[in-house]
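Beneath this line is the structure, given in structure tokens, with notes to follow.
The values are calculated or read from the model by the stated rules, or taken from the named source; none is laboratory data. Predicted, not measured: the structure shown is a model, and the values here were computed from it. Methodologically, a virtual Cβ is constructed for each residue, glycine included, from the backbone with ideal geometry; neighbour enumeration extends over all protein chains shown. For the accessible areas, the whole protein counts, side chains as well, though only heavy atoms, and no ligand, DNA or RNA atoms are used. Shrake-Rupley method; radii C 1.70, N 1.55, O 1.52, S 1.80 Å.
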Amino acid sequence: MSPAPPAGPARTNGHVSHWYAADGLPAPRPALDGDLEVDVALVGGGYTALWTAYYLKKAEPALRIAVLEKEFAGFGASGRNGGWLTAALPGQFRRYAAAHGRPAAVAMQRAMFATVDEVVAVAAEEGIEADVRKDGELHVAVGAVQEQRMLAHLPELREEGWGEEDMLRLGPGELADRVRVADARGALWTPHCARIHPARLVRGLAATVEGLGVTVHEGTEVLDIRPGAAVCRGGTVRARHVVRATEGFTAGLRGQRRTWVPMNSSMIVTAPLDRAVWDEIGWRGAEVLGDGAHAYCYAQRTADDRIAIGGRGVPYRFGSHVDSRGETHASTQRQLAELLGRLFPAAAGTPIDHAWSGVLGVPRDWCATVQYDPATGLGAAGGYVGHGVATANLAGRTLRDLVLGRDTELTRLPWVGRKVRGWEPEPLRWLGIRGLYVAYRAADRRESGGLGRTSLIARAADLLSGR
């Protein structure tokens with residue numbers, strides 16, 4: 001049988017993401033028109049701000065809370081991500097442990113485990129229909145070198161107290177019983193992950209907080225954040241507590257250019273696959289799936305029988321600029337379609353319905369933070385390094401406790417108050433990040449070409465990047 005031809009360009013490119021295709025973009029909410037006084041101002045309209053508003057209102061219903069969003073709630077990463085509600089740490093276990101001790105890092109990991117169940121429970125309680133299905137997460141080893149790394153990493157996860165005692169190693173046959181991935185040598189499976197529909201989660205969450213009495217102002221650009229105020233294009237919002245929750249768009253705020261870099265991630269989604277194709281792939285559950293490459297991919301089987309798959313395209317734009325339209329370069333679409341065909345040959349050549357891109361926030365040490373200064377009333381959370389769907393919920397509950405002055409297990413987690421140096425100035429930032437991903441792709445090519453061990457190029461890139 002001759003191989004299927006490569007898929008052509010996506011029918012739709014950009015326009016936020018495929019996750020809005022079925023339901024359409026939300027009707028716009030009113031923009032700020034004049035000055036406003038509230039108790040809490042939340043800058044950004046994604047998961048972090050909405051979860052913070054939700055938990056603050058649940059704890060103190062009398063609080064006056066305003067969410068300030070430049071576009072619409074869910075316009076950024078919250079409406080563009082891969083739909084992984086994962087308990088993966090938003091950073092590095094050893095780095096959290098080095099700063100606060102191993103027990104604190106283990107507590108952080110266990111808090112992430114609990115967060116997955118918290119989001120699932122709240123979605124059910126509030127009637128948020130987001131295609132939630134908790135079938136776990138598969139880290140697939142494709143080829144011999146990825147298998148070596150997987151096996152080398154497993155003892156750390158199980159035996160050094162990281163909290164992953166319930167992680168399972170699946171052999172090739174056990175993996176094939178769940179999903180058939182070409183050249184797979186096995187996988188690690190963790191139960192602490194659910195497949196979700198990102199836009200439906202953020203849309204439902206925004207409606208829920210409005211129902212609790214939170215004001216959501218869309219089309220409202222925040223120009224400056226200062227103690228006691230968020231200065232917007234349509235007026236000034238005065239508040240005792242002002243929380244920045246802008247994630248990948250943080251660099252666009254005054255004074256934040258080097259705080260977190262906006263790292264681009266791109267996705268494609270296929271047309272619905274025929275039953276015969278699914279029978280050949282064998283992916284009957286809703287496990288989300290990623291590989292062990294250095295320039296790794298992430299994928300899910302959607303509730304309407306498509307495969308959505310993503311990875312790094314053009315990882316970074318000079319000067320921390322972002323493309324809010326979310327268009328994906330043709331070469332990136334081609335790379336993702338080719339990857340889809342390599343992993344799932346039965347799906348090769350399937351039409352691509354939609355391609356899009358978005359940005360996530362990456363701190364210089366690749367570890368997320370939650371911050372709050374009771375003296376100024378300024379707070380912030382983010383830098384989730386691609387694991388923000390669940391982490392934003394943990395951040396929201398933590399910010400609730402910090403804003404309300406509570407001393408809790410959450411406020412003692414090692415990411416609270418974490419100080420990180422800024423990224424290098426340009427052009428060093430651009431050269432470093434672009435060079436990093438050139439190195440990782442070169443390492444992946446060498447390893448898949450028969451190198452037989454982890455490439456020294458990748459080891460060097462890890463060392464230089466601080467990952």
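Observations, loosely collected:
- Of all residues making up the stretch 362-397, the number that are small (G, A, S), open to solvent by less than 10 Å² (accessible area, probe 1.4 Å) and in a helix (DSSP H, G or I): 4
- Test result for G91, surrounded by 24 or more Cβ atoms within 10 Å (Cβ to Cβ), touching a helix residue (DSSP H, G or I) at 6+ places or on another chain (Cβ under 7 Å) and touching a residue at least 40 places away in the same chain (Cβ under 8 Å): no
- Residues that are at pLDDT 95 or above and in a loop (DSSP other than H, G, I, E, B) within the stretch 292-324 comprise T302, A303, D304, D305, R306, listed in sequence order.
- Helices (runs of 4 or more DSSP H) completely within the stretch 72-172 that count 2 or more residues being within 29 Å of G417 (Cβ to Cβ) and modelled with pLDDT of 95 or more: 102-125
- Test: P425 is open to solvent by less than 20 Å² (accessible area, probe 1.4 Å) and part of a loop (DSSP other than H, G, I, E, B): no
- Matching residues in the stretch 216-256 - criterion: being touching an Asp or Glu at 6+ places or on another chain (Cβ under 8 Å) and not in a loop (DSSP other than H, G, I, E, B): V216, H217, A230, V231, C232, G235, T236, V237, R238, A239, R240, H241
- The sole residue among P9, P3 that is surrounded by fewer than 19 Cβ atoms within 10 Å (Cβ to Cβ), within 18 Å of I268 (Cα to Cα) and at pLDDT below 95 is P9.
- Beta carbons closer than 8 Å, at least 6 apart along the sequence or on distinct chains, pair a first residue in the stretch 440-452 that is over 16 Å from R149 (Cβ atoms) with a second that is assigned to a loop (DSSP other than H, G, I, E, B) for R441/H294; R441/A295; A442/S455.
- Filter pass, V359 being in a strand (DSSP E or B) and either open to solvent by 30 Å² or more (accessible area, probe 1.4 Å) or of a type in the set (V, I, T) (or both): yes
- Scanning the stretch 251-288 for residues that are in contact (Cβ under 8 Å) with a residue 12 or more places away in the chain and among the acidic types (D, E) returns E280, E287.
- Answer from L336, L289 - the residue that is in a helix (DSSP H, G or I) and buried (at least 21 other Cβ atoms within 10 Å of the Cβ): L336
- For the stretch 238-258, a residue qualifies if it is of a type in the set (A, V, I, L, M, F, W, C), surrounded by fewer than 24 Cβ atoms within 10 Å (Cβ to Cβ) and in contact with a Phe, Trp or Tyr (Cβ under 9 Å, 6 or more places away or on another chain), and exactly one does: A251.
Let's see how each residue does on (1) modelled with pLDDT under 95; (2) among the hydrophobic types (A, V, I, L, M, F, W, C):
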{"site": "H192", "(1), (2)": "no, no"}
{"site": "L205", "(1), (2)": "no, yes"}
{"site": "G213", "(1), (2)": "no, no"}
{"site": "V242", "(1), (2)": "no, yes"}
{"site": "G255", "(1), (2)": "yes, no"}
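- Pair list, Cβ under 6 Å, 6 or more apart: the stretch 196-221 residue at positive phi, other residue outside any helix (DSSP H, G or I) and open to solvent by 10 Å² or more (accessible area, probe 1.4 Å): G219/A31
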